[in-house]
Amino acid sequence: MKYLGFAAGFLSVSAVAAAADTRELTVYTYDSFVADWGPGPKIEAAFEATCDCDLKFVGVEDGAALLARVRLEGERSEADVVLGLDTNLMAAATETGLFAPSGVEAAYDLPVEWADPVFVPYDWGYFAFVHDKGLEPPANFRALGESEVSIVIQDPRSSTPGLGLLMWVKAAHGDDAPAIWEELADNIVTVTKGWSEAYGLFLEGEADMVLSYTTSPAYHLIAEEDAGKAAAVFDEGHYMQVEVAALMETSDTPDLGREFLQFLVSDAAQSILPTTNWMYPAVMPEGGLPDGFGQLVTPEDALLFPPEEAAAIRDEALDEWLRALSR
């Protein structure tokens, strides 16, 4: 009995020692990424199968709130990697001085040239209003503002889609953006903090359309075999979103962080993203895109401000939006 007791004790100490030796990586990201139906669980399992480590995702609302969180925590942050910013937030993220070069090398399939040494793109898409096919959608923002069509959008102060909508209106209408927002104010049913809440309200029938992506109908087609959803095509073009991840300068495990970022653009990870995050991959998987993606609309005109330009007009665009919605 003494021997068995000693053996059990030895195994227990060994297990503790092994656990202590396991490398850990903490990744801050947005809530929908870590949802059961999101890419987080599959990405975590696939990476842990290669890294001999423990990957921990921490959901922090939406993308803009994510940057606010790490900015507040600063060098005290427990995050090793931040995943879920986009080109509209890159300049503000750079100003924090919290992010380090990634060292990632990849042959990207992006609609824009990419040479940034810090931020690693992992997927992209076009913003669009999603609706039931029974609705005759407006053809542009002016027609939407003149219509009775109701919409749910996201708050640009907490959500990257919400901020993307500000940039979309600004890119399409420039100095006329304030007038566009005044016309749209009556169409807005509510403004949510993040994408998940907005899309949920749309699915519950609270609005005719929701701000999302041209790729969102692929979810209904592939996961639900439902062809009843579509993305409205606006003739003034569609603003793009390129989502990025970056290594924290303060990470205790920078090598593991860079290993994860390189994994994020690998075929193993990129093949997961189209049918979990429902966006286009940053690097085309060897097997290509699922069949449902061939039925999606592709905007004729793509709009995107470079990071520095987006940062320069953000405050002005936000003021225009707030003034219109406060009346």
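The values are calculated or read from the model by the stated rules, or taken from the named source; none is laboratory data. Just so you know, these numbers come straight off a predicted model, no measurement behind them. Note that we place each Cβ from the backbone using ideal geometry, even for glycine, and neighbour counts take in every protein chain shown. The accessibility values were calculated without ligands, DNA or RNA, using every heavy atom of the protein model including side chains. Shrake-Rupley method; radii C 1.70, N 1.55, O 1.52, S 1.80 Å.
Residues that are within 24 Å of LEU221 (Cβ to Cβ) and open to solvent by less than 40 Å² (accessible area, probe 1.4 Å) within segment 295-314 comprise LEU296, PRO299, listed in sequence order.
Here ALA45 meets each of (1) free of Cβ contacts under 8 Å to residues at least 12 places away in the same chain; (2) of a type in the set (A, V, I, L, M, F, W, C); (3) within 24 Å of PHE305 (Cβ to Cβ) with one exception, condition (3).
Within segment 40-64, restricting attention to residues that are among the aliphatic types (A, V, I, L, M) and assigned to a helix (DSSP H, G or I), the residue that is most open to solvent (accessible area, probe 1.4 Å) is ALA49.
Scanning segment 65-111 for residues that are out of contact with any Ser or Thr (no Cβ under 9 Å at 6 or more places or on another chain), surrounded by 16 or more Cβ atoms within 10 Å (Cβ to Cβ) and in a helix (DSSP H, G or I) returns MET90, ALA91, ALA92, ALA93, THR94.
Residue-by-condition table, conditions (1) of a type in the set (Gly, Ala, Ser); (2) at pLDDT below 95; (3) under 13 Å from GLN154 (Cα atoms):
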residue: VAL189; (1), (2), (3): no, no, yes
residue: TRP195; (1), (2), (3): no, yes, yes
residue: TYR199; (1), (2), (3): no, no, yes
residue: PHE202; (1), (2), (3): no, no, yes
residue: THR214; (1), (2), (3): no, no, no
residue: ALA223; (1), (2), (3): yes, yes, no
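Filtered by the rule that a residue be of a type in the set (A, V, I, L, M, F, W, C) and within 15 Å of the chain's Cα centre (by Cα), segment 45-67 gives PHE57, VAL58, VAL60, ALA64, ALA65, LEU66, LEU67. So how many residues does segment 239-265 have that are among the aromatic types (Phe, Trp, Tyr) and in a helix (DSSP H, G or I)? So the answer is 2.
Right, GLU236: surrounded by fewer than 20 Cβ atoms within 10 Å (Cβ to Cβ) and in a loop (DSSP other than H, G, I, E, B) or not? Explain how you work it out, then say what you get.
On the way: surrounded by fewer than 20 Cβ atoms within 10 Å (Cβ to Cβ): yes; in a loop (DSSP other than H, G, I, E, B): yes.
Against the criterion (surrounded by fewer than 20 Cβ atoms within 10 Å (Cβ to Cβ) and in a loop (DSSP other than H, G, I, E, B)), GLU236 qualifies.
Within segment 251-258, not a single residue is open to solvent by 10 Å² or more (accessible area, probe 1.4 Å) and under 18 Å from the mean Cα position of the chain (by Cα). Restricting segment 280-314 to residues that are within 21 Å of the chain's Cα centre (by Cα) and charged (D, E, K, R), which is farthest from LEU184 (Cα to Cα)? It comes out as GLU308. When GLU286 is tested against (1) surrounded by fewer than 22 Cβ atoms within 10 Å (Cβ to Cβ); (2) in contact with a strand residue (DSSP E or B) (Cβ under 7 Å, 6 or more places away or on another chain); (3) of a type in the set (D, E, K, R), just one condition goes unmet, and that condition is (2).
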